[in-house]
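Reading through the structure tokens given below for one structure.
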Amino acid sequence: MPHVAHPGLFECPELSLNITTTIAYIVGQICSTASLTHNLEQCVKLVARAAAAGAKVLFLPEASDYIASSSTESLSLAKPVSSSPFVTGLQSAAAKHSLAVHVGIHVPVTVKPASSSTSNPVLTAIAQSDSSSGASATKLYNRTIWINDDGSINEKANYDKLHLFDYASLRESNTTQAGVKFTAPFASPVGRVGSLICFDLRFPEAALHLAKPSPSSEFANSPAQVLLYPSAFTVPTGRAHWEVLLRSRAIETQSWVIASAQVGRHGDGAKRVSYGKSLVVDPWGKVVLELKGVKGEKDTEWEAEDGAVGELGLIDIDLEHWDGVREKMPLIRRTDVYSEV
């Protein structure tokens, strides 16, 4: 079955009611602000429109619950999954429309300083158990969750971002606690899914670990068929690297790649602007879906293109194509010469 992409068909809710073609999977773009209520409204509208199209899954960006203007504000807005009005509202929408949703959120976590012997400078703190003692602080997990079509959460699909984005004045590590493990690829209507987030995109080892696992891996016989990269890329890094990185991860892992993106300026007068241009790439490295991005040359001029916020892209993921690419071009690693990933 050939894959089909229909970028931008659902910029208007009215259009979604008139599409008769059955499309299984939809990528949604939003522009989160510091208002959880506003962000939930954006996402719930996309759930309804996606369901009206006959979709089985809606993929939403990183940090869909909020993007704050400061570290202090970000920490104050985070809620546990079970009591987050954003999450519970999205669960209700998923159940109402019988639609699975993959979405990025923030989750507070109590941490304590890591020992001085840690080998990774990112791991300056470790999550603190309830029984731990000593000085503690609150940080955030940058997490993705999978909401089933009955509104329940697949706890085994939770993933906490491993690689934190410290670039120029943006210092994610100041408030975010790095994850400590991969989430095993899990079954979904789109195939076996491997979860990663945004800056993880720059580390091919992570993608290979999920989609081309070594024979000794616990999921050697069930690799990811689809890699997810919900993101909020900056405009400079997006223009320079977004597409080439996503295509590279698809080519080297011979997997489908779905990257739903934040787009536009995150609040009136906000400094932070996201690049957008959500992409879907097939296992041969071909871009089969691209949504809109931002316009303007100077940072003071950057704004979302007309129709970019709330845009939906429709895609049919063909797993026979995944099988075919791997069969025709087997990538046999020389682990006798270099280390397994």
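The values are calculated or read from the model by the stated rules, or taken from the named source; none is laboratory data. Since the model is a prediction, treat every value here as computed from it, not as a measurement. Ideal geometry is used to build each Cβ from the backbone, glycine not excepted, and the neighbour counts take in all protein chains shown. Please note that ligands, DNA and RNA were not included when accessible areas were found on the heavy atoms of the full protein model with its side chains. Shrake-Rupley method; radii C 1.70, N 1.55, O 1.52, S 1.80 Å.
If we scan region 70-79, do we find a residue that is assigned to a loop (DSSP other than H, G, I, E, B) and either in contact with an Asp or Glu (Cβ under 7 Å, 6 or more places away or on another chain) or under 17 Å from HIS266 (Cβ atoms) (or both)? Break it down stepwise before answering.
The first filter runs over region 70-79 and keeps only residues assigned to a loop (DSSP other than H, G, I, E, B), leaving 70, 78-79.
Right, trim to either in contact with an Asp or Glu (Cβ under 7 Å, 6 or more places away or on another chain) or under 17 Å from HIS266 (Cβ atoms) (or both) and you get 70, 78.
Within region 70-79, one or more residues are assigned to a loop (DSSP other than H, G, I, E, B) and either in contact with an Asp or Glu (Cβ under 7 Å, 6 or more places away or on another chain) or under 17 Å from HIS266 (Cβ atoms) (or both).
Checking the condition modelled with pLDDT of 95 or more and of a type in the set (A, V, I, L, M, F, W, C), which residue from ALA63, ALA24, ALA5 passes?
Numbers: ALA24 fails: modelled with pLDDT of 95 or more; ALA5 fails: modelled with pLDDT of 95 or more.
Exactly one residue qualifies, and that residue is ALA63.
Using beta carbons and a limit of 6 Å, which pairs, at least six apart or on different chains, have the first residue in region 193-204 and under 13 Å from SER260 (Cβ atoms) and the second one part of a loop (DSSP other than H, G, I, E, B) and among the polar types (S, T, N, Q)?
SER195/THR183
Are any residues in region 308-323 in a loop (DSSP other than H, G, I, E, B) and of a type in the set (Gly, Ala, Ser), and if so, which ones?
Kept after step one, since they are in a loop (DSSP other than H, G, I, E, B), are these residues of region 308-323: 308-311, 316-318.
The answer is ALA308, GLY310.
Go through region 104-223 and tell me which strands (runs of 3 or more DSSP E), entirely inside it, have 1 or more residues that are in contact with a Lys or Arg (Cβ under 9 Å, 6 or more places away or on another chain) and either open to solvent by 20 Å² or more (accessible area, probe 1.4 Å) or of a type outside the set (Asp, Glu) (or both). Before the answer, list the steps.
Numbers: elements: 125-127, 137-147, 193-195.
It comes to 125-127, 137-147.
Scan region 309-332 for residues that are surrounded by 14 or more Cβ atoms within 10 Å (Cβ to Cβ) and charged (D, E, K, R) and report the count. Even if it seems obvious, please write down each step before you answer.
Here is the first cut: in region 309-332, the ones surrounded by 14 or more Cβ atoms within 10 Å (Cβ to Cβ) are 309-319, 321-322, 324-326.
Next, only the ones that are charged (D, E, K, R) stay: 311, 316, 318, 326.
The total comes to 4.
Within the set of pairs 6 or more residues apart or between chains, which connect a residue that is on the phi < 0 side of the Ramachandran plot and in contact (Cβ under 8 Å) with a residue 40 or more places away in the chain inside region 312-337 to a residue that is part of a helix (DSSP H, G or I) and surrounded by 14 or more Cβ atoms within 10 Å (Cβ to Cβ) with Cβ atoms less than 7 Å apart?
Here the result reads LEU312/LEU46; LEU312/ARG49; LEU312/ALA50, each pair linking region 312-337 to a residue that is part of a helix (DSSP H, G or I) and surrounded by 14 or more Cβ atoms within 10 Å (Cβ to Cβ).
Could you grab me the full set of residues in region 282-303 that are more than 21 Å from VAL244 (Cα to Cα) and either over 22 Å from the mean Cα position of the chain (by Cα) or small (Gly, Ala, Ser) (or both)?
Once the filter is applied, which keeps residues that are more than 21 Å from VAL244 (Cα to Cα) and either over 22 Å from the mean Cα position of the chain (by Cα) or small (Gly, Ala, Ser) (or both), region 282-303 yields GLY296, LYS298, ASP299, THR300, GLU301, TRP302.
Here's a check for you: in region 251-281, which residue that is part of a loop (DSSP other than H, G, I, E, B) and under 14 Å from GLY191 (Cβ atoms) is nearest to the chain's Cα centre (by Cα)? Let's see the steps before the verdict.
Going residue by residue through region 251-281, those that are part of a loop (DSSP other than H, G, I, E, B) are 254-255, 260, 266-272, 277-278.
Checking which are under 14 Å from GLY191 (Cβ atoms) leaves us with 254-255.
Numbers: GLN254: 19, SER255: 16 Å.
Among those residues, the one meeting the criterion is SER255.
Restricting to region 287-297, name every residue that is in a loop (DSSP other than H, G, I, E, B) and in contact (Cβ under 8 Å) with a residue 12 or more places away in the chain. So that I can check it myself, show each step before the final result.
First pass over region 287-297, keeping only residues in a loop (DSSP other than H, G, I, E, B): 291-292, 296-297.
Once the filter is applied, which keeps residues that are in a loop (DSSP other than H, G, I, E, B) and in contact (Cβ under 8 Å) with a residue 12 or more places away in the chain, region 287-297 yields LEU291, LYS292.
In region 53-73, which residues are open to solvent by 40 Å² or more (accessible area, probe 1.4 Å) and either of a type in the set (Lys, Arg) or in contact (Cβ under 8 Å) with a residue 40 or more places away in the chain (or both)?
LYS56, SER69, SER71
What's the number of the only condition in (1) without any contact (Cβ under 8 Å) to a residue 40 or more places away in the chain; (2) part of a loop (DSSP other than H, G, I, E, B) that THR300 fails to meet?
(2) is the only condition that THR300 fails.
Quick check on my filter: what residues within region 324-338 are in a helix (DSSP H, G or I) and not aliphatic (A, V, I, L, M)?
Keep residues of region 324-338 that are in a helix (DSSP H, G or I), which gives 324-328.
Scanning region 324-338 gives GLY324, ARG326, GLU327, LYS328.
Report whether or not VAL235 is among the hydrophobic types (A, V, I, L, M, F, W, C) and either over 28 Å from LYS56 (Cα atoms) or open to solvent by less than 20 Å² (accessible area, probe 1.4 Å) (or both).
yes
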